[in-house]
Amino acid sequence: TINIIPVVLHDTHSFVLHYNTIIRMATMNKPCYAAINEHSPNQPVIIFVASRRQTRLTALDLISYAAGDENPRAFLGCSDDYVESVASTINDQSLRHTLTFGIGLHHAGISSHDRETVETMFLNGDIQVLVATATLAWGVNLPAHLVIVKGTEFFDGKTMRYVDYPVTDVLQMMGRAGRPQFDTRGIACVMVQEGKKNFYKKFLYEPFPVESCLGERLCDNINAEIAIGTINAVSEVVGYLGWTFFARRVKMNPSYYGAASDSDEDVDDFFLSGTKDTLTKLKDNGCVNYSQDDGQLGDEF
C-alpha cells in the first residue's frame, strides 16, 4: 500500500544575494533555527545544504542558537550517557561533536559506519535534526516532519560557478517531508534568493506546461511524412504543422519557440519560415527534390 502525505509549503524565506557565498549561506542559519522552533519543535527535521562543509557550519550555528536560548541540547532525544557512548564510536570528528547536541551530519564524505549510525539514531528519535547534502534526497529513505531546503544553488565543478538545483531535485527534497505512520501532513520550507522567489512560488504552486519538441525534429518528421505520401506539396507542410501539438504551444507560448507574437499572422510567418528552412535542409542533403518559383508555395515534391 502507498500512503500519500500532503506537503505544505509553509514559508519561502527570501534573501538578498551576497557576493560571498559563505556569508550568504550563514544568513540562512538563523531562519532555519526559527523555522524548526515554529513548525517542528519536537519532531524530526532534515535540512538540505549544498556542500559537505555547509553541513558542519549549519550544525554548529544551530547549536550556538540553541545555546543562546539556554538549551544547547534542545535537539537531543536520548540520555547524555547513551549519546556519549555512541559518539565515541564515530570516526568523523565534526559528527562526533554535533551528535552530542542532537544534530547529525549526512554526506558522502563520512564513513558507512558513521552514516548508518546517524540514520539509525535519526529514525529512532535519538537526534532530532539531520543536516544533509542533496544526495540524501535520492538515496536513503529518511522522512521527516519538516524539511528545510537551505538555498537552491550548488557549486558546479564543471562550470566553476554556482548553478540552480534541477527542479526535480527540489521536489525530491520536499518529498522527504511527511512520515506516513506519524504525520497527517509534512511541512517544507524553501529558502531562495529574492530574485527567484516568484519563480519557485509559481513552480511549486502551479504545474509547468508541457512544451513540444517537434521543432527540434522537424527534418526527420517532415521527411518521413513525405516518404509515406502524407505530404505532397510545400503548402501541405504548413497545413500539417497546423494540426500538431507544436502549433498549439507556439500559439500559447510564442516567445519560447521564437515566434514574434501569438497573432495568426506572426504564427503563420513562423511556420512558413520553419517550413522553408526544413525543406532547404532536406534538399541540401538529397532527401527531397522540389522547385520554388518566386518564393510561392504550392510546388509538388
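What to note about this one:
- Distance in nm between pseudo-label sites at Glu38 and Ala233 (7 Å out along the Cβ direction from Cα): 6.6
- With every protein chain in place, region 208-286: carbon and sulfur % of accessible area (1.4 Å): 51
- Dipole of the chain, positive direction: furthest Cα of Thr184, Asn253, Gly109, with charges on the beta-carbon: Gly109
- Region 24-132, accessible surface, carbon-and-sulfur percent (1.4 angstrom probe): 45
- GNM flexibility winner over the chain from Arg248, Arg115, Arg56 (Cα, springs under 10 Å): Arg248
- Electrostatic dipole magnitude of the chain [Cβ: Lys, Arg +1; Asp, Glu -1; Cα centre; debye, to 20]: 1160
- Size of electric dipole in region 36-135: Cβ of Lys, Arg +1 and of Asp, Glu -1, about Cα centre, debye, nearest 20: 400
- Calculated mean residue ellipticity, 222 nm, the chain: -13000 deg cm²/dmol, from DSSP H runs (n ≥ 4) at -39500 (n - 2.57) each, averaged per residue and rounded to 500.
- Spin-label model, Glu84/Tyr290: points 7 Å from Cα along the beta carbon direction are separated by 8.4 nm.
- Relative to the current alpha-carbon distance between Val140 and Met160, full extension at 0.36 nm per residue lengthens the span by 4.4 nm.
- Legend: calculated FRET efficiency, Glu116 to Phe199, from the Cβ-Cβ distance at R0 = 51 Å, rounded to 0.05, equals 0.85.
- Geometric descriptor of region 45-88, per residue, is 92 Å³ (volume of the convex hull of the Cα atoms).
- For region 38-176, the alpha-carbon coordinates run over 46, 33, 28 Å along the three principal axes, in decreasing order.
- With viscosity 1.306 mPa s and temperature 10 °C, the Kirkwood radius over alpha carbon pairs of the chain converts through Stokes-Einstein to a diffusion coefficient of 69 µm²/s.
- Those lysines that a straight Cα-Cα span of less than 24 Å connects to Lys150, excepting residues fewer than 8 apart in one chain: Lys30, Lys158, Lys196, Lys197, Lys201, Lys202
- Computed label-point distance, nm, for sites Arg185 and Ala26 using a 7 Å Cα→Cβ extension: 3.6
- For the pair region 212-228 and region 129-148, the centres of their Cα atoms are 44 angstrom apart.
- Most mobile of Thr98, Thr168, Thr117 in a GNM of the chain (Cα contacts under 10 Å): Thr168
- Probe 1.4 Å, accessible area per residue of the chain, Å²: 54
- Lys/Arg +1, Asp/Glu -1 at C-beta; the chain dipole; positive extreme among Val167, Pro72, Gln54: Pro72
- Top of Ile231, Ile47, Ile148 by mean-square fluctuation, Gaussian network on the chain, Cα under 10 Å: Ile231
- Nearby lysines by direct alpha-carbon distance to Lys283 (threshold 30 angstrom, same-chain neighbours under 8 apart not counted): Lys251
- Toward the positive end of the charge dipole of region 73-160, with +1 on the Cβ of Lys and Arg and -1 on the Cβ of Asp and Glu, the farthest Cα among Thr98, Val149, Ala87 is that of Val149.
- Remark: region 24-37, residue by residue, has Karplus-estimated 3J(HN,Hα) of 4, 5, 5, 5, 8, 6, 5, x, 4, 5, 5, 5, 5, 5 Hz, where x stands for each Gly or Pro and the curve is 6.51 cos²θ - 1.76 cosθ + 1.60 at θ = phi - 60°.
The values are calculated or read from the model by the stated rules, or taken from the named source; none is laboratory data. All figures in this text were calculated on a predicted structure; none of them were measured in a lab. All Cβ positions, even for glycine, are placed from backbone atoms using ideal geometry, and neighbour counts span all protein chains on display. To get the accessible areas, we keep the full protein, side chains included, count just its heavy atoms, and leave off ligands, DNA and RNA. Shrake-Rupley method; radii C 1.70, N 1.55, O 1.52, S 1.80 Å.
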